[in-house]
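Colleague: Here it is, the structure, as structure tokens.
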Amino acid sequence: MNNINIIADDREQQCDIPNLLTEKNDINLTIERLVLGDYLIDNWLLIERKQLKDFIESLLSGRLFSQASRLASSPLKTAILLEGNSKDICDYNIHRHAILGTLVTLSLVYGISILRSANCHESVALMTFAAKQKSNRCKTDLPRFGRRPKSVKGKKLFIIQGLPGVGPKLAKRLLEDFGSINAISVSYTHLR
């Protein structure tokens, strides 16, 4: 896999995450001011990191949903990474249903993914997992399993079975009816 490119907002230097990211050999970290979000991963995923205390404070002050609206309007995939555990917010007088309702609104109404981590080490792990999963999902080579045929007819059938929804029986019928892979390809292209 190629290196992961992460841009961290310069205001994030107060936490340990940028230091932890620079310790990883497979991450290229750049620190600059981001207009939106705290971390931009491979120019694909924009993460707004919030410690649970900050999350509750931004909810109570009303700034959370204006921030969510700006995140949701981004052309990038967006996520809010909530860092910490419930003991971090036990001093706040907020009902659990208010928090649950907020999470539902952020994810289902605004379309922002919600990620959870216990600490900055897990946050770094989540960022790394996200980049690797995206990279694995975007590979263009589809695996072909099974034995590789040696005969010319077997090779043709193997290629035809690579078409979506085409199994061994249909591949055989298609080759018999059309006579060549090229003829099948032309007909298949016209059907789409």
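Colleague: For the condition hydroxyl-bearing (Ser, Thr, Tyr), without any contact (Cβ under 8 Å) to a residue 12 or more places away in the chain, outside any loop (DSSP other than H, G, I, E, B) and open to solvent by less than 40 Å² (accessible area, probe 1.4 Å), what is the one hit in Ser58, Ser66?
Modeller: Of the residues listed, the single one that is hydroxyl-bearing (Ser, Thr, Tyr), without any contact (Cβ under 8 Å) to a residue 12 or more places away in the chain, outside any loop (DSSP other than H, G, I, E, B) and open to solvent by less than 40 Å² (accessible area, probe 1.4 Å) is Ser58.
Colleague: Still on this structure, I have one more. Looking at this structure, is Asp42 on the phi > 0 side of the Ramachandran plot and either basic (Lys, Arg) or touching a strand residue (DSSP E or B) at 6+ places or on another chain (Cβ under 7 Å) (or both)?
Modeller: Yes, satisfied.
Colleague: In addition: So Val109 passes all but one of these: (1) surrounded by fewer than 18 Cβ atoms within 10 Å (Cβ to Cβ); (2) closer than 28 Å to Asn5 by Cα; (3) under 19 Å from the mean Cα position of the chain (by Cα). Which condition number does it fail?
Modeller: (2)
Colleague: Being part of a strand (DSSP E or B) and buried (at least 20 other Cβ atoms within 10 Å of the Cβ) is the requirement here; does Ile6 meet it?
Modeller: For Ile6, the condition - part of a strand (DSSP E or B) and buried (at least 20 other Cβ atoms within 10 Å of the Cβ) - is met.
Here is a yes/no grid of residues against (1) at pLDDT below 95; (2) surrounded by 13 or more Cβ atoms within 10 Å (Cβ to Cβ):
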{"residue": "Ser74", "(1), (2)": "yes, yes"}
{"residue": "Ala79", "(1), (2)": "no, yes"}
{"residue": "Asp88", "(1), (2)": "yes, yes"}
{"residue": "Asn93", "(1), (2)": "yes, no"}
{"residue": "Arg96", "(1), (2)": "yes, no"}
{"residue": "Leu100", "(1), (2)": "yes, no"}
{"residue": "Ile114", "(1), (2)": "no, yes"}
{"residue": "His121", "(1), (2)": "no, no"}
{"residue": "Phe129", "(1), (2)": "yes, no"}
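The values are calculated or read from the model by the stated rules, or taken from the named source; none is laboratory data. Note that the structure is predicted; figures quoted are calculated from it, not measured. Cβ sites come from the backbone with ideal geometry, for glycine too, and all protein chains shown count toward neighbours. With ligands, DNA and RNA removed, areas are computed over all heavy atoms of the protein, side chains included. Shrake-Rupley method; radii C 1.70, N 1.55, O 1.52, S 1.80 Å.
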